[in-house]
Amino acid sequence: MIPVLIRTIEIFFGVFYILLFARIILSWIPIGQGSRLVELIFALTEPILAPIRSLVQRSPLGGPGMIIDFSPIIAFLLIQLVSTFLTSFLRTLA
């Protein structure tokens, strides 16, 4: 049972990692804005990116004139951290 749960967590975070990467690429390309797929990707990733973006804007890295959005980079790190923690924890239970 635990190996199935570990694999499910790995797949979930892997898919989210791909969605986040697609969001970054789509934010550079104005083509496709307004399509259902682009809207879905933005809708799935924004709940994670918005709070991170808010925290970054209040930090010394951010500010009102922030040119580079660091929130996807931080999200990548958090995804990796949480995924590694959960799978390691579950492996200790197995």
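A 1.4 Å probe run over the chain, with the rest of the protein chains in place, finds 71 Å² accessible per residue. Here region 1-29 is scanned for amide nitrogen atoms under 17 Å from the site 7 Å beyond the Cα of S35 along Cα-to-Cβ, giving 19-29. Which of the following values of volume of the Cα convex hull per residue in Å³ was calculated from the structure shown: (1) 189; (2) 104; (3) 175? Label (2) holds the value from this structure.
Computed from phi, the 3J(HN,Hα) profile of region 8-16 under the Karplus parametrisation 6.51, -1.76, 1.60 (θ = phi - 60°) reads 4, 5, 4, 5, 4, 5, x, 5, 5 Hz, with x in place of Gly and Pro. Estimated from helices alone, the mean residue ellipticity of the chain at 222 nm is -27500 deg cm²/dmol (sum of -39500 (n - 2.57) over DSSP H runs with n ≥ 4, per residue). Taking every C-alpha pair closer than 8 Å and separated by at least 6 residues, the mean separation divided by the residue count of the chain gives a relative contact order of 43 percent.
Ligands, DNA and RNA left out, the accessible area of the chain computed with a 1.4 Å probe is 76% carbon and sulfur.
Placing pseudo-labels 7 Å out from each Cα toward the beta carbon at R91 and V4 gives an inter-label distance of 2.1 nm.
The values are calculated or read from the model by the stated rules, or taken from the named source; none is laboratory data. Bear in mind that the values here come from a model prediction, so they are computed numbers and not experimental data. Virtual Cβ from ideal backbone geometry, glycine too; neighbours counted across all protein chains shown. What goes into the accessible areas is simple: the full protein's heavy atoms, side chains included, and nothing from ligands, DNA or RNA. Shrake-Rupley method; radii C 1.70, N 1.55, O 1.52, S 1.80 Å.
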